[in-house]
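**Q** This is the structure I have questions about; it appears just below.
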Amino acid sequence: MLLLILTGLAWMMQIMSMTKFLITYGIKFSSFVYMTSLMIPFIVSIILPFVTFISVIFIYNKMISENEVTVMMASGLSPWQIAKPAIKMAALLTILHLILNIWFVPYSQAKFYSTQWNLRYGLAHLKLQESSFTKMANGLVVYVDKVSGHDLNQVMLSDSRDKNNEILIFAEVGKLISTDHGLSIVTQNGSLQIAGSDNFTTGTFDTFDMDLNLKEKDSDSSFRVRRISTATLMQDVFNQKNTRQHKLTIIELCTRFINPFMNLILAIVCTLILLKTSLLRRRASFSPAMAVLSMAIIMASYMSFSNMISSLTGFVCVFAGVIALLLFCVYLLRKK
């Protein structure tokens, strides 16, 4: 229930933050909802460890306050036996979290960016207004007299993105075409002017194909590791020469493979603190605060170390540290 509520709230925040996208590009509401829903797997992957911790601390603290834990311990049950339901739940969530991170999040993120680009540029004819100038990108302005689907009449296109190669096109008709390389506009029966730093060229044409080149050019800025499949990411980590991209790849691998274990660690740490301190009646009231503080320290330490690693050696060290912490907590929980 907590996962559904927090995911719903985060999704609504995502919808509100992208409302400008809906208004600016005039896309269908159903397409907009579909695009934002592709963020749900990523949202779930972020909040799942915190949801696990909150659920465990709520249930076990309630059991302690109602003396149910005291009765169970008096009946001969050990803290490890009492903590087993939470640990089993956390283990199941860890497995589901791993599946989510390895397969569903990369797929949904790739689909999200692809859908976003198609709605913004692939269907650009929907935002071309008749008898008005439309700014499609910085330095790219299009004017059309009439729009009929993909067909355009009386087209003027000004492309000044490259200051050394500014292009101005006038054409009687045009047609928008979506290709593998992006969006193109094919114009017919028009004139062309190209202004360079040292020359100026003008002429006429029967047909001219203009690639609008709306895709991201800078490989560094467009390198989004979340949308790359796990198999490809693991192959690229050995081949990347770009230091920044290599570090981002290592951090993403750390997020996909190590972050799910936080479900298990937080559940065990929470039950360890609550059940062990429940035997100390004078300090039992401080156990929830101690558990929350421990959770904050563990998550802060994990995020700090995972964001600092830049090599496979660092990845292995962080993974080994997480497993060592997990085994140590299990040892303390089982110890009489």
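The values are calculated or read from the model by the stated rules, or taken from the named source; none is laboratory data. Since we're looking at a predicted model, the values are computed, not measured. Note: ideal-geometry Cβ built from the backbone for every residue, glycine included; neighbour counts use all protein chains shown.
**Q** Looking at (1) at pLDDT below 80; (2) among the basic types (Lys, Arg); (3) over 26 Å from the mean Cα position of the chain (by Cα), find the lone condition where ARG161 falls short.
**A** Looking at each condition in turn, ARG161 falls short on (1).
**Q** Scan segment 311-321 for residues that are closer than 9 Å to ILE250 by Cα and surrounded by fewer than 16 Cβ atoms within 10 Å (Cβ to Cβ) and jot them down.
**A** Within segment 311-321, SER311, LEU312 qualify.
**Q** Additional query: Could you pull out the residue among ILE23, ILE59, ILE82, ILE87 that is under 25 Å from the mean Cα position of the chain (by Cα) and either within 22 Å of VAL330 (Cβ to Cβ) or of a type outside the set (Lys, Arg) (or both)?
**A** Only one candidate passes the filter, namely ILE23.
**Q** Against the definition (in a loop (DSSP other than H, G, I, E, B), under 23 Å from PHE42 (Cα atoms) and either among the aromatic types (Phe, Trp, Tyr) or touching a residue at least 12 places away in the same chain (Cβ under 8 Å) (or both)), how does ASN263 come out, yes or no?
**A** On the way: in a loop (DSSP other than H, G, I, E, B): no; under 23 Å from PHE42 (Cα atoms): yes; either among the aromatic types (Phe, Trp, Tyr) or touching a residue at least 12 places away in the same chain (Cβ under 8 Å) (or both): yes.
So ASN263 fails the test.
**Q** Oh, and also: Report whether or not ILE27 is touching a helix residue (DSSP H, G or I) at 6+ places or on another chain (Cβ under 8 Å) and not in a helix (DSSP H, G or I). Explain how you work it out, then say what you get.
**A** On the way: touching a helix residue (DSSP H, G or I) at 6+ places or on another chain (Cβ under 8 Å): yes; not in a helix (DSSP H, G or I): yes.
Considered against the rule, which asks whether it is touching a helix residue (DSSP H, G or I) at 6+ places or on another chain (Cβ under 8 Å) and not in a helix (DSSP H, G or I), ILE27 comes out as yes.
**Q** Hey, can you tell me all the residues within segment 128-149 that are surrounded by 16 or more Cβ atoms within 10 Å (Cβ to Cβ) and in contact (Cβ under 8 Å) with a residue 24 or more places away in the chain?
**A** The answer is LEU128, MET136, LEU140, VAL142, VAL144.
**Q** While we're on this one: Taking segment 166-194 as the region of interest, how many residues are modelled with pLDDT of 85 or more and more than 16 Å from LYS135 (Cα to Cα)?
**A** 15
**Q** Out of SER75, SER55, SER65, which single residue is of a type outside the set (Phe, Trp, Tyr) and buried (at least 17 other Cβ atoms within 10 Å of the Cβ)?
**A** Numbers: SER75 fails: buried (at least 17 other Cβ atoms within 10 Å of the Cβ); SER65 fails: buried (at least 17 other Cβ atoms within 10 Å of the Cβ).
Of the residues listed, the single one that is of a type outside the set (Phe, Trp, Tyr) and buried (at least 17 other Cβ atoms within 10 Å of the Cβ) is SER55.
**Q** In this structure, does PHE305 turn out to be modelled with pLDDT of 90 or more, over 26 Å from PRO79 (Cα atoms) and of a type outside the set (S, T, N, Q)?
**A** Details: modelled with pLDDT of 90 or more: no; over 26 Å from PRO79 (Cα atoms): yes; of a type outside the set (S, T, N, Q): yes.
Spelling it out, it is not the case that PHE305 is modelled with pLDDT of 90 or more, over 26 Å from PRO79 (Cα atoms) and of a type outside the set (S, T, N, Q).
**Q** Does SER31 fit the bill of being touching a residue at least 12 places away in the same chain (Cβ under 8 Å), surrounded by fewer than 17 Cβ atoms within 10 Å (Cβ to Cβ) and either touching a Cys at 6+ places or on another chain (Cβ under 8 Å) or more than 28 Å from LEU264 (Cβ to Cβ) (or both)?
**A** Values: touching a residue at least 12 places away in the same chain (Cβ under 8 Å): yes; surrounded by fewer than 17 Cβ atoms within 10 Å (Cβ to Cβ): yes; either touching a Cys at 6+ places or on another chain (Cβ under 8 Å) or more than 28 Å from LEU264 (Cβ to Cβ) (or both): yes.
Judged against the criteria, SER31 is a match.
**Q** Within segment 115-142, take every residue that is in contact with a helix residue (DSSP H, G or I) (Cβ under 6 Å, 6 or more places away or on another chain) and basic (Lys, Arg) and give me the one that is modelled with the lowest pLDDT.
**A** Here the residue is LYS127.
**Q** Can I ask one more? Would you point out which residue out of LEU38, LEU93 is crowded, with 18+ Cβ neighbours inside 10 Å, over 30 Å from VAL142 (Cα atoms), within 20 Å of the chain's Cα centre (by Cα) and at pLDDT below 95? Give the derivation first.
**A** Numbers: LEU93 fails: at pLDDT below 95.
Only one candidate qualifies: LEU38.
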